[in-house]
Amino acid sequence: MPPGIYAVLIADVMQSSSRRNLRGILGKKLASASRQHFRRKLIKLPYSVTAGDEFQTVVADLKAVPAIILDLRAWFQPLPLRIGIGIGRISDRIQPPVNRLGGEAFQLARHAIDGIKRGRLFKFESRTAFASRNTRFDGTMNLIYGLHDTLVRKITPKQWKTIAMFLSQQALEQTARRLRLDMSTVSRNLKRGYYWQLSETAQGAGSLIKSTFL
């Protein structure tokens, strides 16, 4: 990526006040997500709780942001997430703790997630937002994810479980074996859970990021 240009991800748990033992559940999921994304070299810092039900990281591979978003939505079930992405410069050396860092990318990520919370993006509910200094890119990505999130809200827990397993296995037969389901059930859960639409969104959005910033 261009020198000094990074993606900062800020996420929070929706309707968190109604969830029991949220910090314990969130801590386990963040630790697992950090291990998996570090192993794939997708993040530069571990996911860290920065305030209440909110967590942050700095992404290592800019074009992988859409794949990271899909992973988090699947892995964090049944916790629904709002996710804001800021693309820009970071003013400090990138090292933990993440809440001590600052700069344009952090400011833009905060602007993105605040836009979701305040319903500024659309007249319909959106759970993902991008913010950068490229307004054409932001408009395109936010429209893509606004429509994407309409599908996300319809996915059932059973379908999410299948999606999460398929993301780790990338094969119907192995996914079916791990879930103790037949392959036709796995295929049906993926189709009805809009997995193929989510996957195509991640690939297309990643290509748009690459052509815009890399």
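Read-outs: derived from the displayed coordinates by stated rules, not from any lab. On a predicted model such as this, the values are computed, not experimentally measured, just so you know. Backbone-built Cβ (ideal geometry, glycine too); neighbour counts: all protein chains shown.
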* Structure fact -> Between the modelled labels at E125 and T140 (7 Å from Cα along Cα→Cβ) the distance in nm is 2.9 nm
* Size of the stretch 107-171 as Cα extents on the principal axes (Å, biggest first) -> 39, 22, 19
* Asked: Rounded to the nearest 500, what is the chain's calculated 222 nm mean residue ellipticity when only DSSP H runs of at least 4 contribute -39500 (n - 2.57) each, over all residues?
  -> -16500 deg cm²/dmol
* Which lysines, on any chain, are close to K44 with Cα under 16 Å apart, when same-chain ones fewer than 8 places away are left out? -> K63
* Structure fact -> Listed residues W160, W196, W75; largest mean-square fluctuation, Gaussian network over the chain with Cα springs below 10 Å, found at W196
* Structure fact -> Options (1) 73, 40, 30; (2) 51, 36, 34; (3) 52, 37, 30 are given for Cα extents along the principal axes in Å, and the computed one is (2)
* Which whole-number percentage describes the relative contact order of the stretch 5-153, with Cα contacts under 8 Å and a sequence gap of 6 or more? -> 24 percent
* Estimated distance in nm for a label pair at Q197 and T150, the labels positioned 7 Å out from Cα along Cα-to-Cβ -> 0.8 nm
* Could you let me know the centre-to-centre spacing of the stretch 94-117 and the stretch 131-178, using Cα atoms, in angstrom? => 23 Å
* Structure fact -> The computed P(r) of the stretch 82-141 puts the percent of Cα pairs beyond 16 Å at 45 percent
* Contour excess over end-to-end distance, with Cα ends at Q36 and H111 and 0.36 nm allotted per residue -> 24.2 nm
* Using 7 Å Cα-to-Cβ label points, what is the S184/R89 separation (nm, one decimal)? -> 6.0 nm
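May I ask you to work out the translational diffusion coefficient for the stretch 1-117 at 10 °C, viscosity 1.306 mPa s, via Stokes-Einstein with Rh from the Kirkwood sum over Cα pairs, reported in whole µm²/s? Spell out each step's value before the answer.
Numbers: Rh = 14.2 Å.
It diffuses with D of about 112 µm²/s by this estimate.
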